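Undergrad: Mind looking over this structure? Questions follow.
The values are calculated or read from the model by the stated rules, or taken from the named source; none is laboratory data. If you're wondering where the values come from, they're calculated on a predicted model, not measured in any experiment. Methodologically, a virtual Cβ is constructed for each residue, glycine included, from the backbone with ideal geometry; neighbour enumeration extends over all protein chains shown. Heavy atoms of the whole protein, side chains included, go into the accessibility calculation; ligands, DNA and RNA do not. Shrake-Rupley method; radii C 1.70, N 1.55, O 1.52, S 1.80 Å.
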Amino acid sequence: MAGAIKERLNKLRQGRGVTDTALLEQAKLEFEELRKKKHDAAKQAQAEAERKIREEVPAVAGNSQRQGFFVLGMHRSGTSLLSGMLHTSCGYNVGGPLIGSSFDNEKGFFERIDIVLQNDEFMKAQRIWWAANVINYDWQQALKDKEEGKVDFSRYGVSGLSFLNNPNNSPWLQKDPRMCITLKTWLKLMNSEPAVVFTYRHPLEVAMSLKHRERNFSLEHGLRLWIVYNMRAIQNSKGLCIVYSSNEAVLADPINETQRISDELTTKCNVPEPPYRVKGEDVAKFIDPSLQHNKNQRAKDEQGKEIIATYNDGKCVVRAYESEEIEGTPAREREMILYNRAMKIYCDFQSGKAFEDSYEWPALP
């Protein structure tokens, strides 16, 4: 585009009686016209791609049968472990291509690349990153950005949506922690209502894991994200059929817990039954002994620590923990506020209170 403008300017300069001001104004007009044509062409291509999907994939009448489900949960909360067992042992369809394994997740993430990248695009348009400003994500603005072409949906979103909307892919499973934030945007684009599997992990374990993995990541930051992601997961899936679990329940009895989740997806949420029942040898491939070790280590570290609060008739105990922040500083105060509020939510997850429509989520400092 810049080359075309430059060539046009050179031709205009060969004329007589043309001032620099006039040249500049004409160049601006031509630049805007070219940019508008490019924008309209991209928008038309996206609309055409989505039209073909609608023609090729029939919409499912009503919500009597859900074609698949989203696994929702905060980063580092065991969503990859659970998704891997449901896919490998039960046979739920995850499609592809998928994000590969990494040093912090050697068994794989079981996340479709196109859907993850589209979620990044939705967020980026609102100056949001997976670990920053996520509480301000506006699902309606994301739809508006898509319709106006401010967010490119044709590059990643069309293929991801095609997978979710195609009944031939049922029963499908889709997992991306960002979906806790962007779920409502996708719901408006889908032909049928999905089910949800929600899982959670102890907030201190998540915050410590993020601090270990990410550079310059404080416990305060991790605890804040834990609250926001879990809060949005529950709020955004309101009205959907949800099967609840936890990382603790999965690790305590992986075979029976995975089978229970699969059974409830079928009996409670009317998701088509998967090809297989859970097999012990398949589940064993995903259970890393270090996961249980990390949990046992946290419990060991808590021994003898001061009890800060108790909930659920004393069944859920909140204890003091080691912090790198200096006592009495604003940073330490914020960290403690977030820890206490996260632990209150964690205990309310255990009791089921946090899943009630009337639940009051705490304000963040």
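Undergrad: So Asn236 fits all but one of (1) over 22 Å from Phe286 (Cβ atoms); (2) in contact with a strand residue (DSSP E or B) (Cβ under 7 Å, 6 or more places away or on another chain); what number is the exception?
TA: In the conditions (1) over 22 Å from Phe286 (Cβ atoms); (2) in contact with a strand residue (DSSP E or B) (Cβ under 7 Å, 6 or more places away or on another chain), Asn236 misses (2) alone.
Undergrad: Residue by residue through segment 95-144, note down the ones that are part of a helix (DSSP H, G or I) and in contact (Cβ under 8 Å) with a residue 60 or more places away in the chain.
TA: Ile115, Val116, Asn119, Phe122, Val134, Ile135, Trp139
Undergrad: May I pose another question? For segment 195-241: of the residues being among the polar types (S, T, N, Q) and touching a residue at least 60 places away in the same chain (Cβ under 8 Å), which is most open to solvent (accessible area, probe 1.4 Å)?
TA: Going through the qualifying residues, I end up with Gln235.
Undergrad: Still on this structure: Report, by residue number, each residue of segment 267-287 that is more than 17 Å from Ser83 (Cβ to Cβ) and open to solvent by less than 80 Å² (accessible area, probe 1.4 Å).
TA: Once the filter is applied, which keeps residues that are more than 17 Å from Ser83 (Cβ to Cβ) and open to solvent by less than 80 Å² (accessible area, probe 1.4 Å), segment 267-287 yields Asn270, Pro272, Gly280.
Undergrad: Restricting to segment 105-129, give me the number of residues that are at pLDDT 95 or above and either out of contact with any Phe, Trp or Tyr (no Cβ under 9 Å at 6 or more places or on another chain) or not hydrophobic (A, V, I, L, M, F, W, C) (or both).
TA: Here the count works out to 12.
Undergrad: Please go through segment 133-154 and pick out each residue that is open to solvent by less than 60 Å² (accessible area, probe 1.4 Å) and over 15 Å from Thr182 (Cβ atoms).
TA: Of everything in segment 133-154, those that are open to solvent by less than 60 Å² (accessible area, probe 1.4 Å) and over 15 Å from Thr182 (Cβ atoms) turn out to be Gly149, Ser154.
Undergrad: Could you list, in sequence order, the residues of segment 315-324 that are without any contact (Cβ under 8 Å) to a residue 60 or more places away in the chain and either open to solvent by 40 Å² or more (accessible area, probe 1.4 Å) or closer than 19 Å to Met74 by Cα (or both)? Walk me through it before giving the result.
TA: Taking segment 315-324 as the starting set, the residues that turn out to be without any contact (Cβ under 8 Å) to a residue 60 or more places away in the chain are 315-320, 322.
Result: Lys315, Val317, Arg319, Glu322.
Undergrad: Sticking with this structure for a sec: Is it true that Lys175 is in contact with a helix residue (DSSP H, G or I) (Cβ under 9 Å, 6 or more places away or on another chain), buried (at least 16 other Cβ atoms within 10 Å of the Cβ), modelled with pLDDT of 95 or more and under 29 Å from Glu220 (Cα atoms)? Give the derivation first.
TA: Values: in contact with a helix residue (DSSP H, G or I) (Cβ under 9 Å, 6 or more places away or on another chain): yes; buried (at least 16 other Cβ atoms within 10 Å of the Cβ): yes; modelled with pLDDT of 95 or more: yes; under 29 Å from Glu220 (Cα atoms): yes.
Yes: the conditions hold for Lys175.
Undergrad: Can I ask one more? Report, by residue number, each residue of segment 328-349 that is open to solvent by 50 Å² or more (accessible area, probe 1.4 Å) and touching a residue at least 60 places away in the same chain (Cβ under 8 Å).
TA: Once the filter is applied, which keeps residues that are open to solvent by 50 Å² or more (accessible area, probe 1.4 Å) and touching a residue at least 60 places away in the same chain (Cβ under 8 Å), segment 328-349 yields Arg334, Arg341.
Rundown of residues vs (1) in a loop (DSSP other than H, G, I, E, B); (2) closer than 17 Å to Met208 by Cβ; (3) modelled with pLDDT of 95 or more, yes/no style:
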{"position": "Leu291", "(1), (2), (3)": "no, yes, no"}
{"position": "Asn294", "(1), (2), (3)": "no, yes, no"}
{"position": "Ala299", "(1), (2), (3)": "no, yes, no"}
{"position": "Val318", "(1), (2), (3)": "no, yes, yes"}
{"position": "Glu322", "(1), (2), (3)": "yes, yes, no"}
{"position": "Glu325", "(1), (2), (3)": "yes, yes, yes"}
{"position": "Ala331", "(1), (2), (3)": "no, yes, yes"}
{"position": "Leu338", "(1), (2), (3)": "no, yes, yes"}
{"position": "Ala342", "(1), (2), (3)": "no, yes, yes"}
